[in-house]
Every structure is written in structure tokens, then in C-alpha cells.
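A short write-up of the structure that comes next.
The values are calculated or read from the model by the stated rules, or taken from the named source; none is laboratory data. All figures in this text were calculated on a predicted structure; none of them were measured in a lab. For neighbour counting, all protein chains shown are included, and Cβ atoms are generated from backbone atoms with ideal geometry for every residue, glycine included. Only protein heavy atoms, including side chains, enter the accessible area calculation; ligands, DNA and RNA are left aside. Shrake-Rupley method; radii C 1.70, N 1.55, O 1.52, S 1.80 Å.
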Amino acid sequence: MELVISDAITLKPLDISFAAELYHVITGSRKNLSQFLPWVDDVIDVNSTKRYIYERLHSNKAGSQWFAIYVQQRLSGVFGIKHIAPDSKVAECGYWLADFARGQGVITQVLAKMVPYIKKHSHANAIEFCCLEENLASIKVVQRAGAKFKYYQQETSIFLVNQHQYQRLGVYEIKLRA
């Protein structure tokens, strides 16, 4: 189901048929995306982009939904409800945007619609976002949406090759229900 966010922004269900276009979007933003997303280094051609899409669509995780973000009818990134934990009822969401779509409030607008969407169409009690500690732009976006810092994941730190460093993964939460 396509979700209209605004006159300029639409979320379309992610599909393998988007692979060639998505590959070009990733390639055009590789330098910035690879600062915070380790999977970017594995996307090296259209076939590996198909694998990226396939792995998300066939994760078999409860409540998983993946969308291509379109800005002005141009594929501009991905938004995912990665899963909704059956026991804790926490939905983990994630997103990324191409360089050309950044700085326009796109994700702020997406979250303004997706937070109520998740509350209405799922059993989730909360939404969590995992942000690397130095991804200040992403942290600001989720905080604008109402997320509060919860904790750093103890068992997870991400090594970013281009930065030659590990970063901790912070968890930010929006409560949907008491």
C-alpha cells in the first residue's frame, strides 16, 4: 500500500524492481551513507542491491514493512519498520536518505505520519530507533519526532571502515501507549 506523506513525499512498498534505481541512489550518496551504515559497502552493483532489498523483504520478522521514499517522484531513500517484537511490543524503525534529499525535512515529515500509522495499524507500544552515537543529524530527527534517549546497546558497536573507529549504537524511543 502506497502512503502519501505530503504533496512531495510518498512511501511505496519496497520492491526488487527498484534495484537499478536504488543502486544509483546509493552510489550517488555512498560517501555519506557509509559513514553510518555498514551495509553500504556490500552494495556494489545491481545484483547486490537486489540482495539488499530481498533480505529486508524476506526477513520473516514480525511486523516488518519496508518502503521506498519518493521525493518529487524521485527515489530518495528507504524507511523500514524492521520488526515489532511480539513480547515487548516494540517496533524498531530505520531509514536512510540520499544526499540530494537531505536537509529538506523529509524524514521529519515521514515520521509525523508513520508514528501515528504504526500506533493505529499495529500492537506496538513503542517505537525504537538505533542511531550511531556520532550520527547527530539522525539523532536530531528522531528527537524532533519525540524520541528520548534510552540507552547504548552494550553488545553492539559498529566498526566503520572509512572512519577506522567503533561507534556505540544508541537506542531512542517514542512511547505510543502507556
*asked:* Tell me whether region 57-71 contains one or more residues that are out of contact with any helix residue (DSSP H, G or I) (no Cβ under 9 Å at 6 or more places or on another chain) and either among the aromatic types (Phe, Trp, Tyr) or over 30 Å from Arg168 (Cα atoms) (or both).
replied: yes
*Selected residue (criterion: least open to solvent (accessible area, probe 1.4 Å)) from residues of region 24-48 that are over 17 Å from Gly94 (Cβ atoms) and hydroxyl-bearing (Ser, Thr, Tyr)*: Ser48
*Matching entry among Thr27, Thr10, Thr49 (being among the β-branched types (Val, Ile, Thr) and assigned to a strand (DSSP E or B))*: Thr10
*Pairs, please: C-beta under 6 Å, at least 6 apart or cross-chain, first residue among the small types (Gly, Ala, Ser) and in region 95-110, second surrounded by fewer than 23 Cβ atoms within 10 Å (Cβ to Cβ) and not in a strand (DSSP E or B)?*
Ala98/Ser29
_I'm trying to understand the selection: among the residues of region 129-140, which are without any contact (Cβ under 8 Å) to a residue 24 or more places away in the chain and either in a loop (DSSP other than H, G, I, E, B) or hydrophobic (A, V, I, L, M, F, W, C) (or both)?_
Leu136
